[in-house]
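Inspection log for the structure reproduced underneath, given as structure tokens.
Derivation of every value follows stated rules applied to the coordinates shown; laboratory data play no part. Predicted, not measured: the structure shown is a model, and the values here were computed from it. Neighbour counts are summed over all protein chains in view; Cβ atoms, including those assigned to glycine, are modelled from backbone coordinates with ideal geometry.
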Amino acid sequence: MNQESEKIYDPKTQSSLKNALASVQLTIFLMSLTALTVLIGAWCPQESASGKEKVIEQFGADTAKLLTQFGITDIYHSPFFLSLIAMLTVNMIACSFLRVFPRIKLLQKPLPFLSGKDIGKLPINTSVELKGNDQSALTALAVRLSARGFKVATSGDKLLAEYGRFGRLAATVTHIGLLTLLVGVTITSWTGFSGFQPVLLNSHLDFSQSEHSKLWVGKLPTWTVRVDATHREDYPTGEPKQWFSKLTVLDTQGKEIKTQEISVNNPLSYDGVDIYQSSWGLDHIFLNFNGKEKRLDLQPMGKLYAAFLPLDQNSVMIFSVRADGIIKVFAKRPDWEAPRQLGEITKDKPAKLGPVTISLIRVMPVTGLQYKCDPGLPITYVAFAFIIVGVLMAAIPHRHVWVSLETGSKKEGATGNENKTDDMAPSKILYFGGRSVKAKVGFERLIKTLESQMASEFGIPKVEISEAQPTEKLNAGHTNESSAQKKKEHVLAGSSADSNAKDAQGDS
Amino acid sequence: MSEMQMALTNTAGITSVMSFWVFVASNGFKNRKDLLVKIGSWTLTLAFVAVTAAIITRGIDAQRFPLANLYESLLWFAWATMGAYLALAKAYGVRQLGWLASLTALLMFLYGSWLPQSQHDIQPLVPALVSYWRWIHVPPLIISYALFFLGGLSGFIQLYQAGRIASLITAAATVSLAILAVVLGTFTSVETAWLQILFAGASLVGMIISFKLLRRIDKNRGDSKLAETYDDVSYRCIAIGMPALTFGIITGGLWANHAWGTYWSWDPKESMALVTWLSYAAYIHLRVHRECSAEKLALVSIVGLLLTLMTYLGFNSLGLGGLHSYGNFK
């Protein structure tokens, strides 16, 4: 737990229940458990998506039964998963309000300017002994920092520069987004609905008759939708490119209200309900055999559809139908290696097969219409925006640079330069250093670059970069961001930067 | 595939193999290290330029945005891996990541080249993919996968530099077994159930042992300063990969809402992406809020790498179906 959150949220003063709910350990535990559960859900076919048959097909009846018993085949609706999500929600709300949101206050606190001695105690620091005796080095450094996006404040011979302050709000923005998402999803799941119905040409989509989600508070519309036309557009190779359906919305009296052609990625919207083109096929054909009408049901066979008409015990007639309505007629007998083509039927050209003339009356297409009503959607979209902005902000490192221009020999300063003698005339020394939450190596390189630039332009070269905590790394296991933050917060919060910097030393 | 595109792709493949060996050699010849690293970096830059040109040429040949099947996504993955490595090398001066980055890219080229001809040919789009959302939704995901791979690979080097050799070897063996499962699943007809067990079992057992072995420290190896650098590199990769993944998942939701009428349908690939997202969200919480050692975090980033591998390639090859089967060719 870092210093910062302790400042805002002190577990000692809170009840143990509150502590447990707002614990980050709990967050990590719940996240891992949720991830594991979703992983199992991704592995096992879900009844709600692919049907019970798929589960049995994949695992066999016995295993499928066992999986169903444990709720694994419908894991996203299982009490276990739902309570996991509920706990994660409670944990997130508690963390957001007790830990994350109060941090905004911290950002408003002004930071102190630091002296050379304190700068020497920062995680990354250096100093340059200047040739001249004026402030031009300080100004030059300020300009360089500004050019790199730092916000620079000066006070006399001291300078404080900050970068990526709003990056500190990343967690707040992300958590606001996640909480908003929960609101949106809750509204939708309580008041919305969705469903699917395959509809034949000239038939109606009737919401109450279709396969739809369970309703809580929402109500299905009483109006209906008629399919006036539907067709498929192909690539030259015969692969489907797009499906179209011309739909008309009818009110309860049958009055036409709205007509629109929909296609995949291009739905019809009416009365808060969106209707989507989600699949397409040919359902059946009507053929005329010497004046006798016969309906044959079609089955999809790759790019084509096929109907089978048994002639006797051994032979079968196969009608292979293309999406554009051209039918090839084949016959299959057991003693033939492959089916033989007998003829071709189009809308205007019947096929004459010996004494029988077969003509096409009509091909009946079926269009798969998916619909949904999602009242929480605008809120969900706002949540999406917050989450994206929040995680983008999280990549921004938060950096501070302190600079102090002081008179004195380098020996007292941050970097002991043993080669210098004490009897030298006092000169100006530019101390600078800082810290970075995230991307520390990049920050170190930045300071090194600035150091060499300053040294070559204004100073006597030959200085080395020093680090406040270089060796303890391996023994302590690791000094990560939180301990760096700890140091920072000590400096941040205190009235006297000196004592705080001492604290920071003892702390690591 | 046009000849131009073929030539460019082959150039990218061959140069990535070359840069891999040069980087490997640079670790062996201490006195020629700088020169070899420079040559390796330039060769990798050449590979990056070649694969960029190959992708553009494919786009021109196909008259569409060239990211529609597994083969094309592999080209993008290699592109993102090399590009991200070059950017990291510039920002951090990280050298050892070079051979791992070029190894990853060349494995992807190899994997891609073994795919059947139907994947290499430019095929028309299925109706579901005819949308401008395709180039908004897919590239951020491929880029995030590449960054998570680099994050995990930096984790390996971190372990080496921190002297956690035993843990490193176990984790490397784990990832190798997972890759084996994916390769067997793609190119052979081994029962997918066994491969799922191989992938999941190896990952679970291997990573638990790796965590246990963290206690064994080889003090003669590694460099604590470099360990810290690679810890930072790993975090950087994940901190940039995470927004990319989030952006990809959310734009996927927007597209799905536009096309299917729902922004989330618990499709297996969606779920896997969510698992990956949750695991990296846990990583970030671990890093920000708790005193968790860099070595543990390195192992968590390797767990993330395994999940990313599962989401990206394991998904189709290990026989999990669903709506995102565009990469499927069996």
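Report the dimensions of the range A:155-226 along its three principal axes from the alpha-carbon atoms, largest first, rounded to Å.
If we take the Cα atoms of the range A:155-226, the spans are 84, 27, 16 Å.
In the protein assembly as shown, if the dipole is taken from +1 on Lys/Arg beta carbons and -1 on Asp/Glu beta carbons about the Cα centre, which of A:282, A:171, A:194 is farthest to the positive end?
A:171
Given N residues in the range A:104-152, what is its alpha carbon radius of gyration divided by 2.2 N^0.38 Å?
1.41
Amide H of residue A:261 versus every other amide H placed in the peptide plane: which residues, excluding those fewer than 5 positions away on the same chain, fall under 5 Å?
For residue A:261, whose amide H was placed from the backbone, the distant partners under 5 Å are A:247.
Would you mind computing Rg(Cα) / (2.2 N^0.38 Å) for chain B, counting N as its residues?
Ratio of Rg to 2.2 N^0.38 Å for chain B: 0.98.
Hey, could you grab the Kirkwood Rh for the range A:38-184? Inverse mean 1/r over distinct alpha carbon pairs, Å, one decimal.
When all Cα pairs of the range A:38-184 are included, the Kirkwood radius is 21.2 Å.
Could you give P(r) for the range B:1-136, binned at 5 Å from zero, as whole percent values over all Cα-Cα pairs?
Here the calculated profile for the range B:1-136 is 2, 11, 20, 21, 16, 12, 8, 5, 3, 1, 0, 0.
What percent of all Cα-Cα pairs in the range A:54-129 falls in each 5 Å bin, counting up from 0?
Histogramming the range A:54-129 at 5 Å steps yields 3, 12, 10, 8, 8, 8, 7, 7, 6, 6, 6, 6, 5, 5, 3, 1, 0 percent.
Could you give the nm distance between label points at residue B:197 and residue A:348, where each point is 7 Å from its Cα heading toward the beta carbon?
6.4 nm
With Cβ to Cβ distances under 10 Å as the rule, what net charge do the other residues near residue A:163 carry (K, R +1; D, E -1)?
Here the count lands on +3.
If one puts a single equal scatterer on every Cα of the range A:205-269 and applies the Debye formula without solvent, what log₁₀ I(q)/I(0) results at q = 0.18, 0.19 Å⁻¹?
Rounded to two decimals, the profile gives -0.79, -0.84.
Return, for the Cα atoms of the protein assembly as shown, the radius of gyration and Dmax in Å, separated by a comma.
Over the protein assembly as shown's Cα set, Rg and Dmax evaluate to 32.3, 125 Å.
Of B:38/B:225; A:151/B:225; A:448/B:219; A:18/A:440; A:255/A:372; A:18/B:219, which pairs sit farther than 32 Å apart, going by alpha carbon to alpha carbon?
A:18/A:440; A:18/B:219
Return the long-range amide H neighbours of residue A:366 (sequence gap of 5 or more, or a different chain), with a cut-off of under 5 Å between placed amide H atoms.
A:281, A:282, A:283
Using R₀ = 35 Å, calculate the FRET efficiency as 1/(1 + (r/R₀)^6) where r is the Cβ-Cβ separation of residue A:148 and residue B:169; round to 0.05.
Calculated transfer efficiency: 0.25.
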